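Undergrad: Sharing a structure, written as structure tokens. Questions coming.
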Amino acid sequence: MANPVSVKICGISTVDDVRACAGAGANYMGLVFFEKSPRNITIPAARDLALAAPMGLAKVALVVNPSDAELDAIAGTVPLDMIQLHGRETPERVAEVKARYGLPVMKAVGIADANDLPKLESYFGVADQILVDAKPPKGGELPGGNGLSFDWRLIAGRRWPCPWMLAGGLTPENVAEAVKMTGTKQVDVSSGVEDAPGQKNAELIQKFVQSSRV
């Protein structure tokens, strides 16, 4: 394949997870800094995982409505390649974070139906990438990693002015269909390669990466 799909494995929590991502040929690994998530890790643990990552495996910090103090602590300790904002951050906040840390910023936007699509456009001028995710269930505490998908036909064939990544309910079984239907060049998975919340399965990671590039 001339332009293989890039893969992000989110919610990495052990060195074995890092090795599984690298061994499978993943492009990004996501480190979750959100206390309510079963994939949440401490800053010292994240530093160890980031240092264990080989060249070519981008280290992404997932944060939810973070304060500058929180981001200072993370970015000042963990060697990062990207910050992923997964909360209610405004386009102005995205621009602030980019300017403050000098790192690419990916903004997650939840989609449930066509009415949510215009929200994406407000971030095109400021975010380096957009994560097109399934909107979390009402009352849900987790902004992502819920194993939910949305109707991929909503974004089929769309062309946007900045790189974007598809997330939400992807698994080794459905990722090839998702790539084919949407035309995405990047995919993100978390719960879809786990045995239990926060427990990654190296074999599923391998299968997911392979299936995304069929």
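Undergrad: Please find, among A26, A45, the residue that is in a helix (DSSP H, G or I) and either at pLDDT 95 or above or open to solvent by less than 30 Å² (accessible area, probe 1.4 Å) (or both).
TA: Numbers: A26 fails: in a helix (DSSP H, G or I).
From the options A26, A45, the qualifying one is A45.
Undergrad: Taking W160 as the residue in question, decide whether it is within 15 Å of the chain's Cα centre (by Cα), without any contact (Cβ under 8 Å) to a residue 60 or more places away in the chain and open to solvent by 30 Å² or more (accessible area, probe 1.4 Å).
TA: Working: within 15 Å of the chain's Cα centre (by Cα): no; without any contact (Cβ under 8 Å) to a residue 60 or more places away in the chain: yes; open to solvent by 30 Å² or more (accessible area, probe 1.4 Å): yes.
When the stated conditions are applied, W160 does not pass them.
Undergrad: Restricting the stretch 1-23 to residues that are modelled with pLDDT under 95 and aliphatic (A, V, I, L, M), which is surrounded by the fewest Cβ atoms within 10 Å (Cβ to Cβ)?
TA: The first filter runs over the stretch 1-23 and keeps only residues modelled with pLDDT under 95, leaving 1-4.
Okay, now just the ones that are also aliphatic (A, V, I, L, M), so 1-2.
Details: M1: 6, A2: 3.
Ranking the candidates gives A2 first.
Undergrad: Which one of the conditions (1) under 30 Å from L154 (Cα atoms); (2) part of a loop (DSSP other than H, G, I, E, B) does A108 fail to meet, given that it meets all the rest?
TA: In the conditions (1) under 30 Å from L154 (Cα atoms); (2) part of a loop (DSSP other than H, G, I, E, B), A108 misses (2) alone.
Undergrad: When E92 is evaluated against the numbered criteria (1) of a type outside the set (V, I, T); (2) surrounded by 15 or more Cβ atoms within 10 Å (Cβ to Cβ); (3) part of a helix (DSSP H, G or I), which criterion, by number, is the only one it fails?
TA: (2)
Undergrad: Mind telling me which of the residues P161, P172 ends up being in a loop (DSSP other than H, G, I, E, B), modelled with pLDDT of 85 or more and under 19 Å from K107 (Cβ atoms)?
TA: Working: P172 fails: under 19 Å from K107 (Cβ atoms).
None of the others qualify; the one that does is P161.
Undergrad: Name every residue in the stretch 126-141 that is open to solvent by 30 Å² or more (accessible area, probe 1.4 Å) and modelled with pLDDT under 90, in order of residue number. Spell out how you get there, then give the answer.
TA: The initial filter retains those residues of the stretch 126-141 that are open to solvent by 30 Å² or more (accessible area, probe 1.4 Å), namely 126, 128, 135-141.
Across the stretch 126-141, the qualifying residues are K135, P136, P137, K138, G139, G140, E141.
Undergrad: Next question. I need the full set of residues from the stretch 111-141 which are acidic (D, E), in contact with a strand residue (DSSP E or B) (Cβ under 9 Å, 6 or more places away or on another chain) and part of a loop (DSSP other than H, G, I, E, B), in order please.
TA: So in the stretch 111-141, the residues acidic (D, E) come out as 113, 116, 121, 128, 133, 141.
The next check asks that each one be in contact with a strand residue (DSSP E or B) (Cβ under 9 Å, 6 or more places away or on another chain); those that pass are 116, 128, 133.
Matches in the stretch 111-141: D128 only.
Undergrad: A follow-up question, please. Counting only residues that are closer than 15 Å to V18 by Cβ and among the hydrophobic types (A, V, I, L, M, F, W, C), which one in the stretch 69-84 is most open to solvent (accessible area, probe 1.4 Å)? I'd like the intermediate steps shown before the answer.
TA: Applying the first criterion (closer than 15 Å to V18 by Cβ) to the stretch 69-84 yields 78-81.
Subsequent filtering for residues that are among the hydrophobic types (A, V, I, L, M, F, W, C) retains 78, 80.
Numbers: V78: 4, L80: 26 Å².
Only one residue fits best here, namely L80.
Undergrad: What single numbered condition from (1) among the hydrophobic types (A, V, I, L, M, F, W, C); (2) surrounded by fewer than 20 Cβ atoms within 10 Å (Cβ to Cβ); (3) part of a loop (DSSP other than H, G, I, E, B); (4) at pLDDT below 95 fails to hold for F150?
TA: So F150 meets the others, but not (2).
Undergrad: Going by what's in this entry, would V64 be described as among the β-branched types (V, I, T) and farther than 22 Å from W160 by Cα? Please lay out each step first, then the result.
TA: Details: among the β-branched types (V, I, T): yes; farther than 22 Å from W160 by Cα: yes.
Answer is yes for this residue.
Undergrad: Out of the residues in the stretch 95-110 meeting the condition of being open to solvent by 20 Å² or more (accessible area, probe 1.4 Å) and charged (D, E, K, R), tell me which one is nearest to the chain's Cα centre (by Cα).
TA: Among those residues, the one meeting the criterion is K98.
Undergrad: Between P54, P66, P118, which is open to solvent by 50 Å² or more (accessible area, probe 1.4 Å), in contact (Cβ under 8 Å) with a residue 12 or more places away in the chain and not acidic (D, E)? So that I can check it myself, show each step before the final result.
TA: Values: P66 fails: open to solvent by 50 Å² or more (accessible area, probe 1.4 Å); P118 fails: in contact (Cβ under 8 Å) with a residue 12 or more places away in the chain.
None of the others qualify; the one that does is P54.
The values are calculated or read from the model by the stated rules, or taken from the named source; none is laboratory data. Computed from a predicted model, the values in this text were never measured in an experiment. A quick note on method: Cβ atoms are made from the backbone with ideal geometry, for glycine too, and the neighbour counts reach across all protein chains shown. When the accessible area is computed, the model is the full protein with side chains, heavy atoms only, and any ligands, DNA or RNA have been set aside. Shrake-Rupley method; radii C 1.70, N 1.55, O 1.52, S 1.80 Å.
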